[in-house]
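Everything on this sheet refers to the single structure shown next.
The values are calculated or read from the model by the stated rules, or taken from the named source; none is laboratory data. All of these numbers come straight from a predicted model, not from anything done at the bench. Here Cβ is always computed from backbone atoms with ideal geometry, including for glycine, and neighbour counts include all displayed protein chains. Calculation scope for accessible area: heavy atoms of the full protein, side chains included, ligands and nucleic acids excluded. Shrake-Rupley method; radii C 1.70, N 1.55, O 1.52, S 1.80 Å.
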Amino acid sequence: MLKAGVLGAGHLGKIHLKLINQSDKYTLVGFYDPDEKTAKKIVAEFGYHYFDTIEALVDAVDVVDIVTPTLSHYNCAVQAIKKGKHVFLEKPITNTVEEADHLIALAKEHGVKGQVGHVERFNPAFLSVKDKIENPMFIEAHRLAEFNPRGTDVPVVLDLMIHDIDAILSVVNSPVKEIHASGTSVISQSPDIANARIEFENGCVANLTASRISLKNMRKSRFFQKDAYISVDFLDKKVEVVKMKNAPKDPDQYALILQNAEGEKKQIYFENPKVQQNNAILEELETFAEAIENDSVPAVSLEQGAAALKVALKVVELVGN
């Protein structure tokens, strides 16, 4: 079992502590948080070991799980990597692309692995259809949330939209060609709603909308490709797969048949992939442990985390203009 320590014991940090403690892939060595009052409360409630400094925690573990504010990701990761420790970084990977690129180079230099916490990659609904998403040419994503003051210190693009940016980049096998975006701040100092249109070199277009001032929560993406439509509900963990094939000469009387202007007939049929429920955060942490054990590429590599950040920051830049 890998010895793991958690940096940051806020809302998400506490979840990571609990799951690592439960996992049979890790031994939870302890945690560090600069808020001593919060740290002592956690120790009293759960009995986790508290380290007085980041350095002490890094020295005691094999894996450093960084669940701190984004501004501190880079410095925490540098300290860990330079001491030969593997790092799991919550999303976004870092505050700037330059910081992300340096972490990638540093990890290679020190022979350690890194993974970024883009948890929607492990959403059971997405996992159930990912292998069915083949060369999508139009994608539409809506990620809407009710207002919550926590997280409003960053633009909605880095808070919410980056989840969909990463998921889309993972299924579109083509470089980004052009990005258009707009948005506005309504209640926060940073943008609360944003829309982005991402065009890829292969002709695929993705239209993304993110809002944190909606009346109801929604996390849905739809993928359109040749002879297929795939809908993923990340919130309710449901999927729809609608496919078309050439209609037989003598179709069943209940078959759904469409005929285009050229007279070609297509039969519509539905697939119902089984959605295997999971704990997405636990799964992302444990797949990282497996990547370390097997010396394989992590499911969401530092390079992929940097690619998502690069697109997200370009959207932020465009929304700000």
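Things to note:
- In the range 74-110, the residues that are open to solvent by 30 Å² or more (accessible area, probe 1.4 Å), assigned to a loop (DSSP other than H, G, I, E, B) and not hydroxyl-bearing (S, T, Y): K83, G84, K85, K91, N95
- Counting only residues that are open to solvent by 40 Å² or more (accessible area, probe 1.4 Å) and either in a helix (DSSP H, G or I) or of a type in the set (G, A, S) (or both), the range 270-285 holds 2 of them.
- Scan of the range 39-74 for residues that are among the polar types (S, T, N, Q) and touching a helix residue (DSSP H, G or I) at 6+ places or on another chain (Cβ under 9 Å), ordered by number: T68, T70
- Single residue of K266, K249, K238, K245 found to be of a type in the set (K, R) and within 25 Å of M218 (Cβ to Cβ): K238
- Selected residue (only one of T38, T27 is open to solvent by less than 90 Å² (accessible area, probe 1.4 Å) and within 26 Å of the chain's Cα centre (by Cα)): T27
- Set E45, E55: member being open to solvent by 20 Å² or more (accessible area, probe 1.4 Å), over 22 Å from N294 (Cβ atoms) and free of Cβ contacts under 8 Å to residues at least 12 places away in the same chain: E45
- Candidates in the range 288-301 are the residues that are crowded, with 20+ Cβ neighbours inside 10 Å and over 12 Å from the mean Cα position of the chain (by Cα); of these, the one that is farthest from S170 (Cα to Cα) is A289.
- Among the residues making up the range 228-244, those that are part of a strand (DSSP E or B) and either farther than 19 Å from H163 by Cα or open to solvent by 50 Å² or more (accessible area, probe 1.4 Å) (or both) are A228, Y229, K238, E240, V241, V242, K243, M244.
- Residue in the range 245-255 that is surrounded by 13 or more Cβ atoms within 10 Å (Cβ to Cβ) and in a strand (DSSP E or B) present: no
- Among the residues of the range 70-100, those that are within 18 Å of the chain's Cα centre (by Cα) and β-branched (V, I, T) comprise T70, V87, I93, T94, T96, V97.
- Looking only at the range 10-33, and only at residues there that are modelled with pLDDT of 95 or more and in a loop (DSSP other than H, G, I, E, B), the one that is nearest to C76 (Cα to Cα): D33
- Look at (1) modelled with pLDDT of 95 or more; (2) surrounded by 16 or more Cβ atoms within 10 Å (Cβ to Cβ) and you find that Q267 fails only one, number (1).
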